[in-house]
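The values are calculated or read from the model by the stated rules, or taken from the named source; none is laboratory data. Please read all numbers here as calculations on a predicted model, not as lab measurements. Neighbour counts run over all protein chains shown; Cβ positions are idealised from the backbone, glycine included. Surface accessibility is based on the protein's heavy atoms, side chains included, excluding ligands, DNA and RNA. Shrake-Rupley method; radii C 1.70, N 1.55, O 1.52, S 1.80 Å.
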Amino acid sequence: MSPARPLNAVIIGAGGRMGRALIRAAAEIPGEMQVCGAVVSTTSKSLGQDAGELAGIGRLDVRVTDDLAAALAYAEIVIDFSQPHATRSNLAVCRAARKPLLIGTTGFPAELTSAFDEAAAEIPLLVAPNTSIGVTLLLELTRMAAKALPADFDIEIVEAHHRMKKDAPSGTALALGKAAAEGRGMPDIAPSTDRSGERQQGDIGYAVIRGGDIVGDHTVLFAGTGEQITLGHRATDRAIFARGAARAALWLGRQSPGRYNMRDFLGLKTST
């Protein structure tokens with residue numbers, strides 16, 4: 001059921017491609033979400049602009065700022081698609097302000113896991129390497145296939161993105177590897193990115209492609225002797241990530257403090 005009034009949302013990373021897409025996605029559901037704050041880095045060329053004009057949808061009377069704490073004054077939900085080096089700081093500010101936070105940024109250091117858990121004791125927190133509904137389903141299918149197939153099926157994850165993407169393998173590829181490892185009952189497995197030598201049973205390998213303006217392609221190959229199974233997802237429009245994030249953020253704003261993911265948002269109950 002839709003809320004009685006739109007929830008106020010602050011977008012962190014508003015000057016980037018995903019940030020602008022999120023502003024547009026909020027405009028598509030005006031009765032449910034409205035942007036009340038748009039935050040960028042102190043060096044961004046977007047500072048001082050109107051968030052709506054920045055996103056190409058007309059004036060919203062929301063000035064782009066670099067002051068996250070001030071922008072949170074009227075926020076009810078926060079969506080962060082900024083840079084990984086800013087994740088810890090953004091998390092701390094949202095935690096101090098007691099604001100529900102969805103983090104779609106990838107490439108942040110693994111040691112942030114403890115900070116996420118600590119923050120989730122006080123605020124609703126959803127960390128998602130990919131906010132596409134289709135990719136969320138792919139993660140579940142990967143987990144199921146890894147559980148069902150014999151251990152001698154090798155697992156290879158191939159991902160392709162635009163030439164400007166900095167982290168590799170992508171956060172989504174790593175999440176697919178984690179899902180496959182969980183399906184095999186090996187949640188602590190360290191997936192292999194070593195392309196040399198023979199395949200060792202239990203390895204999960206990655207192949208990375210960077211080029212052009214590829215939005216995002218992910219393929220999971222289960223290769224046995226004499227047969228292969230392929231699962232995949234191709235994104236052709238960046239708007240799918242923004243729409244998924246906007247919907248998930250609306251859901252998150254109604255939750256109690258805790259650590260959530262897109263699987264929780266969609267209500268997927270597949271067991272491992």
For this session: With springs only between Cα atoms under 10 Å apart, run a GNM on the chain and tell me which of G48, G212, G107 wobbles the most.
Result: G212
For this session: Give, in nm to one decimal, the length gained when the segment between R63 and D237 is fully stretched (0.36 nm per residue of separation minus the Cα-Cα distance).
Result: 60.0 nm
Exercise. So what is the accessible area of the stretch 50-209 per residue, in Å², with the probe set to 1.4 Å?
Worked result: 47
Problem set entry | Label corresponding to Cα extents along the principal axes in Å when calculated from the structure given, among (i) 96, 49, 33; (ii) 50, 40, 35; (iii) 61, 39, 33 | (iii)
Problem set entry | In nm, spacing of pseudo-spin labels at E53 and A223 (7 Å Cα→C-beta vector) | 5.4
For this session: Find me the longest stretch of the chain that has none of the exposed trypsin sites (Lys or Arg not before Pro), where exposed means in a DSSP loop (not H, G, I, E or B) with at most 13 other Cβ atoms within 10 Å.
Result: 99-162
Problem set entry | Bins of 5 Å from zero: percent of alpha-carbon pairs in the stretch 58-189 | 2, 9, 17, 18, 16, 15, 11, 6, 3, 2, 1, 0
For this session: Set the Förster distance to 30 Å, then compute FRET efficiency between A115 and M164 from the Cβ-Cβ distance, nearest 0.05.
Result: 0.65
Exercise. Taking the Cα centre of each part, how many Å lie between the stretch 11-73 and the stretch 90-128?
Worked result: 20
Problem set entry | 14 Å beta-carbon shell around A235, net charge (K/R +1, D/E -1) | +1
For this session: Report, for the chain, the % of DSSP beta bridges that are antiparallel, rounded to 5.
Result: 35
Exercise. Antiparallel as a % of all DSSP beta bridges within the stretch 119-272, to the nearest 5?
Worked result: 60
